[in-house]
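Here's the structure we're looking at; comments come further down.
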Amino acid sequence: MTRRTGGIKRSSQLTFRRRLLLVRLLLRGAASGEALIAAVQQELAEEGYPANAPAALKHDLDALRSEYNCRIAYRREQGYYVLEDLGELALLDLSDTALEALVFLDASFPYGSALPEHVGVRELLDRLMRLLPANLQESLGHRRTTLRALPSGAAGRIDGAVLAAVRRAIDERRELSFKYWGPLDGNSPRRHRVAPYGIFFRPGGHGYLDATLLESPPNGFDPLHAALDYRLDRIVPGTVQVLPTSLPPERPRQRTFILRYRLNPATARQRDVTAYFPSTRVEYHDDGGATVTATATNLWQARQVLLRYGDGCQVLEPPELLALFRRTAEGLASIYGLLDSRDDA
């Protein structure tokens with residue numbers, strides 16, 4: 001009789017362990033193939049990838065897609081892999097009480113908050129919700145409700161018919177259309193078609209609609225499926241329509257952008273760069289400067305945050321954020337007369 005050594009079983013266990021490690025790494029944020037291979041080699045040492053590591057990595061990612069229905073996309077323009085959905089590896093289970101608590105936290109720390117202290121909480125909530133299986137994610141969506149009581153002073157600023165229509169659309173889980181005065185809209189509001197999910201209030205009494213953009217208005221800077229916060233008092237009265245189209249069971253996943261920006265030596269010399277965005281990675285340079293890589297879903301909020309650095313920060317990518325900064329720089333130059341001075345010269 002031939003003695004069994006258990007080699008095949010051990011090899012299978014190592015492969016499974018390596019693939020779970022890849023999932024853990026991608027849950028932290030987008031990563032290049034080189035970064036994934038390096039992390040696997042560091043974690044598993046001699047039990048990591050063989051000589052042809054890129055081919056083995058591709059085989060592992062393909063297996064995660066086919067065996068567990070994981071959605072792993074490769075963003076060729078940035079050279080990063082992104083985990084869009086865990087599929088059957090979403091194994092976190094929650095009781096009804098814990099699920100209600102998660103709904104409360106989700107409403108209290110909405111997407112797109114510009115407050116730096118909220119970034120970590122929002123990233124944690126997103127991580128928890130991604131770990132939920134499909135049936136609990138659907139239950140989470142059904143439990144999101146609108147607030148029935150307005151904070152003191154908010155009622156006078158929000159049109160009653162607007163509020164009633166927004167609440168009706170949320171309760172009936174139907175698409176919503178309205179004209180909105182955005183910060184860049186100039187002399188006329190633009191129409192937005194959205195999937196509405198909830199109402200929340202920030203300090204100061206302003207009420208907001210938490211919604212996903214379904215149809216981008218002309219000249220808009222927000223991409224489709226972006227999670228946006230619409231101030232209720234900026235929705236134009238008389239323009240709100242509750243549409244017949246029902247919302248899908250799951251909220252459309254918004255696009256994730258890879259941010260990359262450089263901080264000059266005067267800004268980064270203390271080597272204590274603040275992590276304003278999820279999945280922040282900082283590379284310090286010999287000249288004292290730093291290059292920061294992170295992820296973001298709301299480029300408008302990203303612009304607001306990075307403007308705090310003034311001229312100590314240079315945005316490198318994505319192109320959409322560069323376009324926002326160029327428009328901002330042109331506006332500032334016009335306000336302070338720099339364009340006129342250049343023309344005179």
*For the range 160-243: relative contact order, % (alpha-carbon pairs under 8 angstrom, 6 or more apart)*: 35
*asked:* Run the simple label-point estimate for A35 and R76 please: 7 Å along Cα→C-beta, distance reported in nm.
replied: 2.1
*asked:* What does the charge count around A45 come to, taking other residues whose C-beta lies under 14 Å from its C-beta (Lys +1, Arg +1, Asp -1, Glu -1)?
replied: -1
*Cα gyration tensor of the range 257-341, axes a ≥ b ≥ c as square roots of the eigenvalues: rounded (a/c below 1.5), prolate (a/b > b/c) or oblate?*
oblate
*Using θ = phi - 60° and the Karplus curve 6.51 cos²θ - 1.76 cosθ + 1.60, what whole-Hz ³J(HN,Hα) does each residue of the range 29-45 get, with Gly and Pro shown as x?*
x, 4, 8, 7, x, 4, 5, 5, 4, 4, 5, 5, 5, 5, 6, 9, 6
*asked:* Taking the Cα centroid of the range 319-337 and of the range 243-295, what is the distance between the two, rounded to the nearest whole Å?
replied: 20
*Of H206, V162, L176, which is farthest on the positive side of the dipole of the range 160-243, counting Cα position, with +1 on Lys and Arg Cβ, -1 on Asp and Glu Cβ, and the Cα centre as origin?*
V162
*In square nanometres and to one decimal, what's the mean projected area of the convex hull around the Cα atoms of the range 160-243?*
5.3
_Hull shadow area, averaged, the range 10-85 [alpha-carbon convex hull, nm²]_ = 4.8
*Spin-label pair Q270/R327, simplified geometry with 7 Å Cα→Cβ offset, distance in nm*: 3.3
*Go ahead and run the numbers for FRET between D126 and L338, Cβ-Cβ distance against an R0 of 51 Å, rounding to 0.05.*
0.80
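Rule-based calculations on the coordinates, nothing more; no lab input. Predicted model only: the values in this text are computed from it and were never measured. A quick note on method: Cβ atoms are made from the backbone with ideal geometry, for glycine too, and the neighbour counts reach across all protein chains shown.
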